[in-house]
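Heads up, the thing below is written out as structure tokens.
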Amino acid sequence: METTDFNRRGFIQGTTGALFFLAGLGGRRADGAELVYDMGHKFPLTKIPAPTDQVRMMAGYLETYESPKGTMDARGGWTAVYDILKFESTPGYKQSSKTLMYNTVLGQVAIAKRSASPDYEVQMSYRPTQSEESVTARIACSDSPIAALKGWDLEWDCRGKGTELSYTNREQGAVGTDHFSVTSRGNTDRFESKQPLACLWTLMDAVRWLPATTGWSRGFDMYMDLSSLRRNQSLSFAGRGQVALAAGMQELNFYEQRGEGIEPIHYAVDGQRRTIFVTQGQLGWGLNRIEEV
């Protein structure tokens, strides 16, 4: 089956080497961090002026944010745990002088790099609606600057209030020279992709090593959370800026991603070459902690 677009889930609006990697997984879940978060916790926006545009939608979260300790060595040995946030406002906030804008915690995602090899393990737990969803994935990447995908093994588990709202889906993906394929429940779908294929989770790590040079850019296709294909993306260095955090002002490097079918994604990298914030529309990711593995 051949198609030119793909979007199975709506939370976030080659081949030979990948198959050998997946064969070694044996269906085992990725071992990693314990994801513990205060679901629904609100971070109100109380200070004016708001932060720079790239992280404006995380203003409430930033007011109490303290950069975590720990390094993220290129040789691996770490897990980076990010809070998943949503920007919200009370109806009518524009007509009121009271503070009615805030960030709400939706969940967490843990991105682990165990060694110098360009492979990752991902865990995610979040509640975008009344259903609680969790993801575990092992992802094989190339050593390209954007950590282009080679293959993956993913399990997506959803638990709603009724059995009809609960499901578990397992998928394997493999990337070829001009396409990628996804196998699930005995069926394989094939999708045309003539550019390098990136994933948001792995790009959150790769972006911190990219050139901080005006005019630098890179093109690719994006397979967001291993479920939503967005074509013809471009990632570029977007300059430096000062952001007020709980401990004071901090200078960050910003990278911006634009392309078909997405709101712009902004990546903020600190002086230790750690991606500490990511924003896309009303969604945000903030580096909560770094664990050794």
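The values are calculated or read from the model by the stated rules, or taken from the named source; none is laboratory data. All values reported here derive from a predicted model rather than from experimental measurement. Cβ: placed from backbone, ideal geometry, glycine included. Neighbour counts: every protein chain shown.
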Qualifying residue in region 196-206 (condition: farther than 19 Å from A112 by Cα and either of a type outside the set (S, T, N, Q) or touching a Pro at 6+ places or on another chain (Cβ under 7 Å) (or both)): yes
Lone unmet requirement of (1) crowded, with 19+ Cβ neighbours inside 10 Å; (2) at positive phi; (3) not small (G, A, S) for W156: (2)
Region 230-287 - residue that is of a type in the set (D, E, K, R) and in a strand (DSSP E or B) and, of those, farthest from A80 (Cα to Cα): R231
Test: I290 is closer than 26 Å to Q123 by Cα, under 18 Å from the mean Cα position of the chain (by Cα) and not in a strand (DSSP E or B): no
Condition met for T213 (farther than 23 Å from V81 by Cα, part of a loop (DSSP other than H, G, I, E, B) and either of a type in the set (V, I, T) or modelled with pLDDT of 95 or more (or both)): yes
Filter result (more than 18 Å from P196 (Cβ to Cβ) and among the β-branched types (V, I, T)) within region 224-282: V243, V269, T275, I276, V278, T279
Cross-chain or 6+ apart pairs with Cβ under 7 Å, region 230-242 first and under 12 Å from Q54 (Cα atoms), then surrounded by fewer than 19 Cβ atoms within 10 Å (Cβ to Cβ) and of a type in the set (D, E, K, R): A238/E256; R240/E251; Q242/E251
Residue ID - modelled with the lowest pLDDT, chosen from residues in region 162-210 that are loosely packed, with under 15 Cβ neighbours inside 10 Å and in a helix (DSSP H, G or I): T163
